[in-house]
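The structure's right below; bear with me while I get my questions together.
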Amino acid sequence: MIPTIREQNRRSGAIFSLLLALTIHQTLTADVPPTVVTPETSSPPASPATPGPPERGSYNVTNATDAVCLLARMGLQLKISFISRSHGKTVQEVLNLHPNLVKFSGSCDPDSATLILTEDNITLTFSFSLNSTSNKFHLSGLELSAALPDMTKRIVFRNTTLNYMVGTLGHSYMCQKEKTLSVTQDFSLSTFQLQVQPFGVNGDFGAAEVCELDEDDMLIPIIVGAALAVLVLIVILAYVIGRNRSHAGYQTI
């Protein structure tokens, strides 16, 4: 028995509705992480708590004419390994810098700039370099001088061969996500919500050049949107093909 046009249209409409519902369901649930249920077990002994994300601070450096020549906004977290006075062995400590307690200073030259942050017995120095040929800047050095209560002596960590925070003269470098910079074997620095411009400052931050981590985040919505558009197009094509077939069957009768 050959189905009538009404029955064929009803079937095509049902297929269209089902495919559209599946498309919307897959899109809505794509970013929802699965719930993981683990059996209750006895918890291990508590270890020293790691601080949460640090507060974002705003810092600047002025030149000899009192004009701002370096701008920085960032949250900073230090991870240090040292020999503990009380334990007699190497331990690791994670510390946040607190913007309300930090004193900042620095200097600016045509092809170099420094930002110095000091909080209590901790001094963190950023050194930036500018390549006048390519007009590209980068973080070339980091130095941490620390004298924590449990240290046996003041320790200095230094690396002057770094290549982080690469940007273009007149622009700022931005990395909103957490990014860990390996400085030495016993010292690493994590930045949060970072924006820095060490050269070519004209009142405020220049156009931002974002890090790879932020670029990946920007690509995800584009990919999801493109996938959704393709799925909707497939559904529409399936519906149109179904309707054409139903008309072809009626003409045969």
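Being open to solvent by 40 Å² or more (accessible area, probe 1.4 Å) and closer than 23 Å to LEU124 by Cβ is the filter here, so list the residues in segment 191-204 that pass it.
Once the filter is applied, which keeps residues that are open to solvent by 40 Å² or more (accessible area, probe 1.4 Å) and closer than 23 Å to LEU124 by Cβ, segment 191-204 yields only GLN193.
Does VAL61 fit the bill of being surrounded by fewer than 16 Cβ atoms within 10 Å (Cβ to Cβ), under 30 Å from SER182 (Cβ atoms), aliphatic (A, V, I, L, M) and at pLDDT 50 or above?
No: the conditions fail for VAL61.
Let's see how each residue does on (1) modelled with pLDDT of 95 or more; (2) touching a Ser or Thr at 6+ places or on another chain (Cβ under 6 Å):
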| position | (1), (2) |
| --- | --- |
| THR27 | no, no |
| PRO34 | no, no |
| GLU40 | no, no |
| ARG56 | yes, no |
| LYS103 | yes, yes |
| THR118 | yes, no |
| PHE128 | yes, no |
| ASN131 | yes, no |
| LEU139 | yes, no |
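Select, from SER145, SER172, SER188, the only residue that is surrounded by fewer than 18 Cβ atoms within 10 Å (Cβ to Cβ), of a type in the set (Ser, Thr, Tyr), at pLDDT 75 or above and closer than 25 Å to GLY57 by Cβ.
Details: SER172 fails: surrounded by fewer than 18 Cβ atoms within 10 Å (Cβ to Cβ); SER188 fails: surrounded by fewer than 18 Cβ atoms within 10 Å (Cβ to Cβ).
It is SER145.
Now for a different question. So SER132 clears everything in (1) more than 16 Å from LEU76 (Cα to Cα); (2) open to solvent by less than 20 Å² (accessible area, probe 1.4 Å); (3) without any contact (Cβ under 8 Å) to a residue 40 or more places away in the chain except one condition, right? Which one?
SER132 satisfies all of (1) more than 16 Å from LEU76 (Cα to Cα); (2) open to solvent by less than 20 Å² (accessible area, probe 1.4 Å); (3) without any contact (Cβ under 8 Å) to a residue 40 or more places away in the chain except (2).
Please work out which residue is surrounded by the fewest Cβ atoms within 10 Å (Cβ to Cβ), limiting yourself to segment 148-162 and to residues that are of a type in the set (Val, Ile, Thr) and at pLDDT 95 or above.
In this case the residue turns out to be THR161.
The values are calculated or read from the model by the stated rules, or taken from the named source; none is laboratory data. Since we're looking at a predicted model, the values are computed, not measured. Note that each Cβ is placed from the backbone with ideal geometry, even for glycine, and that neighbours are counted across all protein chains shown. Protein only, heavy atoms only, side chains kept; ligands, DNA and RNA dropped before computing areas. Shrake-Rupley method; radii C 1.70, N 1.55, O 1.52, S 1.80 Å.
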